[in-house]
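The values are calculated or read from the model by the stated rules, or taken from the named source; none is laboratory data. Given the structure is predicted, the values throughout are model-derived calculations rather than measurements. Here the Cβ is made from the backbone with ideal geometry for all residues, glycine too, and neighbour counts use every protein chain on show.
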């Protein structure tokens, strides 16, 4: 499955009651000034209220990003395709309940349409490309869910565990992550940090213990026949052995092994820890809260994540997931080459 920018997806989901695109459309709507945007803006970050002046500042940041994107000739004057670009602002979406004074999300995202005005694969509601301010998850990202767990993994401060976010190249001196996302920032800290092997095993043990408790609770006190009891006993035995196996593996690790980054091979049925150089190995990472300077106003841009398929040059098999349409490539490369990167950099200056 192709990865989507979580920040945009979260805002679209939050506005679903208003109908798809209704709150984010560029076209004028009933009661709106001609050319104005009707925006759904969240009023808090975690438990902290966002005052109207701060919300307006975040909205202005989104507009600044939108203006730069719309000046790109491939967006302003498309040939052989059409483009719809929208502005969005909202709360932090990297951590659902992480109340820490992190800056506000803002951004602009667009959808490509074919020459006959039909949306390309991905649909109207999906962001085919975009520029996202103040979120490390504006890039394509997949939250990691171990087979058998009930929900994607999160560490204790609610940061999501992600698959990928590997640095794969560079453009204009800025790093490219996972072949499709350029991260512009003046910060020295990396936007993502590895999930350690120790933390992976502790999360795995936590998962298994939760599964064991669920089995025991579900059938506690129930009268069952001998076959069902045997099946339950077998499940309890297998899960208990798995817990013991993971605990033994953790106890046997050296300090260096505990601190080493976690890699898994998605799709192998178990998502076990593997060596980084194993075929198909993907890193597990978490957003880095130290990446942001919390002394700066929350509406000031500290990072711009430019999500753009085909932004990394090279053979198609090396630069995009296999399910991205090949017909996107010329348009995406034009957007990349016509984008005012200097203007984006200027947004990051105090």
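Things to note:
- Tally, over segment 159-189, of residues that are surrounded by fewer than 19 Cβ atoms within 10 Å (Cβ to Cβ) and assigned to a loop (DSSP other than H, G, I, E, B): 7
- Hits in segment 89-124 (condition: in a strand (DSSP E or B) and modelled with pLDDT under 80): 89, 90, 114, 119
- Test result for residue 339, within 22 Å of the chain's Cα centre (by Cα) and either surrounded by 15 or more Cβ atoms within 10 Å (Cβ to Cβ) or at pLDDT below 85 (or both): no
Residue-wise test of (1) free of Cβ contacts under 8 Å to residues at least 60 places away in the same chain; (2) surrounded by fewer than 18 Cβ atoms within 10 Å (Cβ to Cβ); (3) in the same structural domain as residue 109 (by TED's automatic domain parsing).
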| site | (1), (2), (3) |
| --- | --- |
| 293 | no, yes, yes |
| 308 | no, no, yes |
| 316 | yes, yes, yes |
| 327 | no, yes, yes |
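- Condition broken by residue 200, with the remaining ones in (1) within 19 Å of residue 143 (Cβ to Cβ); (2) at pLDDT below 85 satisfied: (2)
- Residues that are free of Cβ contacts under 8 Å to residues at least 12 places away in the same chain and within 21 Å of residue 147 (Cβ to Cβ), drawn from segment 197-255: 206, 213, 214, 218, 231, 234, 237, 238, 241, 244, 245, 248
- Only one of 276, 261, 287, 309 that is more than 21 Å from the chain's Cα centre (by Cα) and at pLDDT 80 or above: 276
- Any chance residue 247 is within 31 Å of the chain's Cα centre (by Cα), surrounded by fewer than 16 Cβ atoms within 10 Å (Cβ to Cβ) and at pLDDT 90 or above: yes
- Checklist (1) within 18 Å of residue 178 (Cβ to Cβ); (2) in contact with a strand residue (DSSP E or B) (Cβ under 7 Å, 6 or more places away or on another chain); (3) assigned by TED's automatic domain parsing to the domain that holds residue 146 applied to residue 281, failing item: (3)
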